[in-house]
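Chemist: First the structure, which I've put down as structure tokens, then a few questions once you've had a look.
The values are calculated or read from the model by the stated rules, or taken from the named source; none is laboratory data. This structure is a prediction, so every number in the text was calculated from the model and none was measured. Methodologically, a virtual Cβ is constructed for each residue, glycine included, from the backbone with ideal geometry; neighbour enumeration extends over all protein chains shown.
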Amino acid sequence: MSATLSLAEIQKHNNPEDCWIIIRDVVYNVTEFLNEHPGGAKMILRYAGKDATEEYEPIHPESALDALPAEAKVGTLDKATVTSQPPKDTPTGAKDTEPPAAATPAAASGPKKRPSLDACLSLRDIEIAAEQILTARAFAYFKGGSDDEWTLNWNEESFSRVRFRPRVLIDISTVSMKTTILGQPVSLPFLIAPAAMAKQAHPDGELALARAAAKHGIAQVSCINASYGYETMSKQKDPNQVFYYQVYIHKDRRVTEKDLRRVRELGYKGIFLTVDAPAVGKRERDERVTLVTEDTEGGSYSKAAAGTRGLAKSTSTFFDNKLIWQDLWWIRSIVGPDMPIVVKGIQTAEDAAICARMGAHVYVSNHGGRQLNGAPAAVEILLEIRKHCPWVFDLVEVYADGGFRRGTDIVKAIALGCRGVLLGRPFLFSLAFGQDGAEKTIEILRNEIDTAMRLLGVTSLDQLGPQHVNCGELEKNVSEQYDGPGKPWFKNYFAAKL
């Protein structure tokens, strides 16, 4: 890769038979890779003969270029031949705009300005501000659910139908929110959930989240599709910081085995196995933004491109859809008997019972409403488990995500049996303000949990229980059917280790 190439020379290679692109001033011949690209050839051809760095960086992990053979690197860009920069993506709203409506008095007036983090009093305020700051494509990817987004909305709405039962005349002068997550001590009962492509919101992406997590003593689950890979995240972490690793099983099992062995060596404290994505949900909000972009650029509909629109589908091509329960033993054989395994994507009491009997921790999740539209809300799944197999909460630890936007939501989930909850979208939106936004999100939740506990009359998380909530309005949504296993008469070997 010794050639120095002018921009004019690179621009000649701009078609499916001869396609060069520029990434970080390095010129790649990707002609042979076009049909192998997970997002389809059309995504690459938009940048044929051009600099694709700005498009590439936010949505690809650092190691993505390693898939190309060495001979694909044909040279470096001669910067002296570049006279202008390509136009940037259009944000959902101008960056010089009013503060978010929910965070600003209606009578506010004066010069328009960028939304202020100081004006954000809740996670909802931060989301409103993020919509004004982020690009349309990034916001659609973070925000969107599947189909008509019923499950996405149910996740949040269901918490409003759970009522508290506060107790009074209790000394609440001292309140502790400390707990343990898979045996690791943390200061708060929530984690940063695994979520892909955080660099779409901020150049530091997951690194900014990690710094905020370290400062406030909370755990973080690193995503397999993160903008920064597990090696970089490991170098970032503080000595006492808790990282877990989320994984999809690759079609080539050797890839997954290599990753699992390496994250164990790096000191990750557990594996979160995502199992609710054997196929990718139809995420119309994400795809619609891509359609608008293509239309603006003069694109046209084609059957070949129709199946690959949207960022979500472009990341799922390599996932193994043949995964079965017995594969948990394969994972166990790789990571050893002492490393916790959490199964992410449990949506019925039956699967929660099977998971617990196999010695894996339960992660209640409908993928943030991004997979099967019509799947139950997270809190409804918790109620179903408590109704049909409450012993699961005693045998393993139970976690949940989906729709948590208030500290009170987190308290309700813990009262129903969760060890902790995970938040994805709120932290992605917070990155519109970088690390400061992530820290503000943590502080808001901390204060809301503290207030809720004091008003409920509890001083530690282990005092919370079903007696503190009334879920009568949601009981009608809990299935009467159950054909799963019963409580085991023994605590099996792996459950004991987990």
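Chemist: Among the candidates ILE21, ILE44, single out the residue that is within 27 Å of THR135 (Cβ to Cβ) and assigned to a strand (DSSP E or B).
Modeler: ILE21
Chemist: Follow-up. Output the number of residues of region 33-46 satisfying the condition of being without any contact (Cβ under 8 Å) to a residue 40 or more places away in the chain and either under 20 Å from ALA3 (Cβ atoms) or among the charged types (D, E, K, R) (or both).
Modeler: 2
Chemist: What do you reckon, is LEU34 assigned to a loop (DSSP other than H, G, I, E, B), at pLDDT 60 or above, at negative phi and in contact with a helix residue (DSSP H, G or I) (Cβ under 6 Å, 6 or more places away or on another chain)?
Modeler: No, not satisfied.
Chemist: Taking PHE433 as meeting all but one of (1) touching a His at 6+ places or on another chain (Cβ under 7 Å); (2) buried (at least 24 other Cβ atoms within 10 Å of the Cβ), write down the number of the exception.
Modeler: (1)
Chemist: Right, here's the next one. Show the residue pairs meeting these rules: Cβ distance below 6 Å; 6+ apart or different chains; first residue within region 218-242 and closer than 21 Å to VAL275 by Cβ; second residue surrounded by 19 or more Cβ atoms within 10 Å (Cβ to Cβ) and of a type in the set (Val, Ile, Thr).
Modeler: Taking only residues 6 or more apart or on different chains, the pairs are ALA219/ILE181; ALA219/VAL186; ALA219/VAL242; GLN220/ILE192; ILE224/VAL247; ASN225/THR315; TYR230/VAL263.
Chemist: Please pick out the residue among SER158, SER176 that is of a type in the set (S, T, N, Q), buried (at least 21 other Cβ atoms within 10 Å of the Cβ) and within 26 Å of VAL396 (Cα to Cα).
Modeler: Being of a type in the set (S, T, N, Q), buried (at least 21 other Cβ atoms within 10 Å of the Cβ) and within 26 Å of VAL396 (Cα to Cα) holds for just one of SER158, SER176, which is SER158.
Chemist: Look at region 1-18 and say how many of its residues are among the acidic types (Asp, Glu) and either assigned to a strand (DSSP E or B) or within 32 Å of the chain's Cα centre (by Cα) (or both).
Modeler: Going through region 1-18 one residue at a time, the tally reaches 1.
Every residue, every condition in (1) of a type in the set (A, V, I, L, M); (2) farther than 30 Å from THR53 by Cα, yes or no:
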| site | (1), (2) |
| --- | --- |
| ASP171 | no, yes |
| SER187 | no, yes |
| PHE190 | no, yes |
| MET197 | yes, no |
| GLY205 | no, no |
| LEU209 | yes, no |
| GLY217 | no, yes |
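Chemist: What about LEU209, is it crowded, with 22+ Cβ neighbours inside 10 Å, at pLDDT 95 or above and either out of contact with any helix residue (DSSP H, G or I) (no Cβ under 8 Å at 6 or more places or on another chain) or not hydrophobic (A, V, I, L, M, F, W, C) (or both)?
Modeler: Considered against the rule, which asks whether it is crowded, with 22+ Cβ neighbours inside 10 Å, at pLDDT 95 or above and either out of contact with any helix residue (DSSP H, G or I) (no Cβ under 8 Å at 6 or more places or on another chain) or not hydrophobic (A, V, I, L, M, F, W, C) (or both), LEU209 comes out as no.
Chemist: Being of a type outside the set (A, V, I, L, M, F, W, C), out of contact with any Asp or Glu (no Cβ under 9 Å at 6 or more places or on another chain) and over 16 Å from GLN435 (Cα atoms) narrows it down to one of GLU206, GLU231, GLU157, so name that one.
Modeler: Going through GLU206, GLU231, GLU157 in turn, the sole match is GLU157.
Chemist: Could you pull out the residue among PRO194, PRO185 that is on the phi < 0 side of the Ramachandran plot, part of a strand (DSSP E or B) and either among the polar types (S, T, N, Q) or in the same structural domain as GLY407 (by TED's automatic domain parsing) (or both)?
Modeler: Criteria check complete, one pass: PRO185.
Chemist: Condition check: farther than 26 Å from ALA129 by Cα, surrounded by 16 or more Cβ atoms within 10 Å (Cβ to Cβ) and at pLDDT 85 or above. Does ALA72 satisfy that?
Modeler: Taking the combined requirement at face value, the residue satisfies it.
Chemist: If SER222 satisfies every condition in (1) over 16 Å from the mean Cα position of the chain (by Cα); (2) under 16 Å from GLN241 (Cβ atoms); (3) not β-branched (Val, Ile, Thr) but one, which is the exception?
Modeler: So the condition that SER222 fails would be (1).
Chemist: Among residues belonging to region 244-268 that are part of a loop (DSSP other than H, G, I, E, B) and of a type outside the set (Gly, Ala, Ser), point out the one that is nearest to the chain's Cα centre (by Cα).
Modeler: Top of the filtered list is TYR248.
Chemist: Now for a different question. Check whether at least one residue in region 198-211 is in contact (Cβ under 8 Å) with a residue 40 or more places away in the chain, within 26 Å of ASP327 (Cβ to Cβ) and part of a loop (DSSP other than H, G, I, E, B), and report yes or no.
Modeler: no
Chemist: Same structure, new question: Could you identify the single residue in ALA129, ALA140 that is small (Gly, Ala, Ser) and over 19 Å from GLN371 (Cα atoms)?
Modeler: Being small (Gly, Ala, Ser) and over 19 Å from GLN371 (Cα atoms) holds for just one of ALA129, ALA140, which is ALA129.
Chemist: Step by step: first the residues of region 224-238, then only those that are among the hydrophobic types (A, V, I, L, M, F, W, C) and closer than 16 Å to HIS202 by Cα, then the one that is surrounded by the fewest Cβ atoms within 10 Å (Cβ to Cβ). Which residue is that?
Modeler: Here the answer is MET233.
Chemist: Say whether the condition of being assigned to a strand (DSSP E or B), under 18 Å from GLY205 (Cβ atoms) and at pLDDT 95 or above is met by at least one residue in region 269-281.
Modeler: The answer is no; no qualifying residue exists.
Chemist: Pick out the one residue from LEU422, LEU383 that is crowded, with 22+ Cβ neighbours inside 10 Å and more than 28 Å from GLU206 (Cβ to Cβ).
Modeler: Criteria check complete, one pass: LEU383.
Chemist: Evaluate the following for HIS361: is it more than 16 Å from GLY484 (Cβ to Cβ), at pLDDT below 95, buried (at least 23 other Cβ atoms within 10 Å of the Cβ) and in the same structural domain as VAL221 (by TED's automatic domain parsing)?
Modeler: So HIS361 does not fit the description; no.
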